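The values are calculated or read from the model by the stated rules, or taken from the named source; none is laboratory data. Note that the structure is a prediction, hence the values are computed from the model and not measured. Here the Cβ positions follow ideal geometry from the backbone for every residue, glycine too, while neighbour counts run over all protein chains shown. Remember, those area values only see protein heavy atoms, side chains included, never the ligands or the DNA or RNA. Shrake-Rupley method; radii C 1.70, N 1.55, O 1.52, S 1.80 Å.
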Amino acid sequence: MGTDMFGFGLVVAAACDLNITVTQKGILTSLPFIGILLVSYVWGYISDTRGRRFSLIISVQAGFLLSCLASITTNWLFLAFVKFFSVCFSCAINSVAYTLVGESCVQRVRSKYMLMMTCFVVLSPGIAALLTYPTLSLNFESDVPFLGIKFTPWRLLMIVLAIPMGIGGVIICYFHESPKFLINVDRQDEALEVLRSIYAINNRNSSVKSDLQVKSIYLEDSVSTKEYSLLKKAYEQSAPLFRPPLLWRTCQLFFIVSVIYFTNNSLLVWLPYVLNMLKVTQSQTGYTKGDVCTLISVKPEPDNFTMEANHTKITPDICLGYIEDNVIITLVASAVVYSFLNFALSYLMRWRRLVLISILVISALSGALLNLMPEPISSVFLFMAFSCTNQAMGIMAAYFVEFYPTSCRGMACCLSIMVGRTSTFVGINVVGNLIFHHCHITFYIWSLVVFSSAIAAWFLPHDKPLQSRT
């Protein structure tokens, strides 16, 4: 899912034959997040009523097919339309996968596993970049007569980026359903069978499932269910999140999640484009000093520096048709570093609240300081450090799994993704409109918002010793 979603920004940056303006790029890269806003509630309901596994099978396979269909779009509007529906399905993967894993392990290792899962989410932009480089390096052009388009490398890239999701769609058919979900819907025999399978895998010495001496199970957080109409049932599925005693916790977690996604995803979507523009600016103007914002705002004026007559004026609508090497290197390096940091943080989950606060404070400081750097390398480094809020995604997923009962846990996780992606949609368009015109002040205000989320995180419950309860 991450490779397909985060790699889409690379596709948009290379789709020159669609003649996409910077405004249209902002719409293209953010429109899929509207799909997440519209359907996350639905997926939360399906996850809590039909099951985690069922939700994943449908969402992964449909998302893969629609992403492949997007490769033969004829214009940017059709591309936006198809990608919108693709994300309407694939958006369930993020939240439901965390829920499934969280409900299939004990509390002692739950937060650790959430961080390890986030390692792969964080690594996905780097994987997308590695797949992008050789694909866009190809030089071919095939006519598609019945559509009146030419099949070029960027269209092939759409399919290549979706292949991991297609493979996942096959593998997930062999997954077990969440045992907690099965118990919550009174399917205890199936839940026991899942636990026997887990037991047999965890204890290789015993291949006999019957060695597990558990005969019955009950949930401490089980909720009695009543017969309601479909709309009433959907309402009752989410209502507990917005009633005491969960109301304050829901508002607190949703605010932190919105800042995390607003910061990381917005920067990630625009990163290839910004770095490409920086490269072109330096090569055409000769500027080698100044922070990211200074270089982005540079206009080639003969009074300031000598230029050849055939130099093209640098504008935000520039399209190269390929991704610069430095962009690929930056994406891969940052993804590897962030993924390694996530793995390391997974061993610090007994202090997860302090870790979360530290991540948000570091991000806020980096955003404020990048405007003060005298040259672009250190400024780009802080630009990447500003996006380090992705290190907190796994921690937040663990909080959502832990704070909410099984009966509405899927809904809570899906709504958290809805809130996060909605903030991403706002962020992408705000960044696209402001970063090229009011760059410095944008980052200063942005840093203050991130710091305010660190203050909100301070009021999360203090960390308790990890136990083995489920």
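I'm trying to understand the selection: among the residues of region 344-364, which are surrounded by 16 or more Cβ atoms within 10 Å (Cβ to Cβ) and of a type outside the set (S, T, Y)? Hits for region 344-364 are L345, M349, R352, R353, V355, L356, I357, I359, L360, V361, I362, A364. I'm trying to understand the selection: among the residues of region 96-105, which are among the hydroxyl-bearing types (S, T, Y) and closer than 16 Å to S407 by Cβ? Once the filter is applied, which keeps residues that are among the hydroxyl-bearing types (S, T, Y) and closer than 16 Å to S407 by Cβ, region 96-105 yields only T99.
Note on region 236-262: residues that are at pLDDT 85 or above and open to solvent by 30 Å² or more (accessible area, probe 1.4 Å) total 6.
Conditions tested, residue by residue: (1) in a loop (DSSP other than H, G, I, E, B); (2) without any contact (Cβ under 8 Å) to a residue 12 or more places away in the chain; (3) open to solvent by less than 20 Å² (accessible area, probe 1.4 Å).
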site	(1), (2), (3)
T118	no, no, yes
I127	no, no, no
L131	no, no, no
T135	no, no, yes
N139	yes, no, no
L147	yes, no, no
K150	no, no, no
W154	no, no, yes
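Residue-level analysis places G26 among those that are under 22 Å from L331 (Cβ atoms), in a helix (DSSP H, G or I) and open to solvent by less than 10 Å² (accessible area, probe 1.4 Å). When the residues of region 391-408 are filtered to those that are assigned to a helix (DSSP H, G or I) and open to solvent by 10 Å² or more (accessible area, probe 1.4 Å), the one that is farthest from A239 (Cα to Cα) is M393. Taken as a whole, the condition of being buried (at least 19 other Cβ atoms within 10 Å of the Cβ), touching a residue at least 24 places away in the same chain (Cβ under 8 Å) and more than 17 Å from V257 (Cβ to Cβ) applies to Y338.
Taken over region 433-447, the criterion of being surrounded by 13 or more Cβ atoms within 10 Å (Cβ to Cβ) and assigned to a loop (DSSP other than H, G, I, E, B) is satisfied by I435, F436, H438. Selection over region 50-96 of residues that are over 29 Å from K180 (Cα atoms) and of a type in the set (A, V, I, L, M) gives a count of 9.
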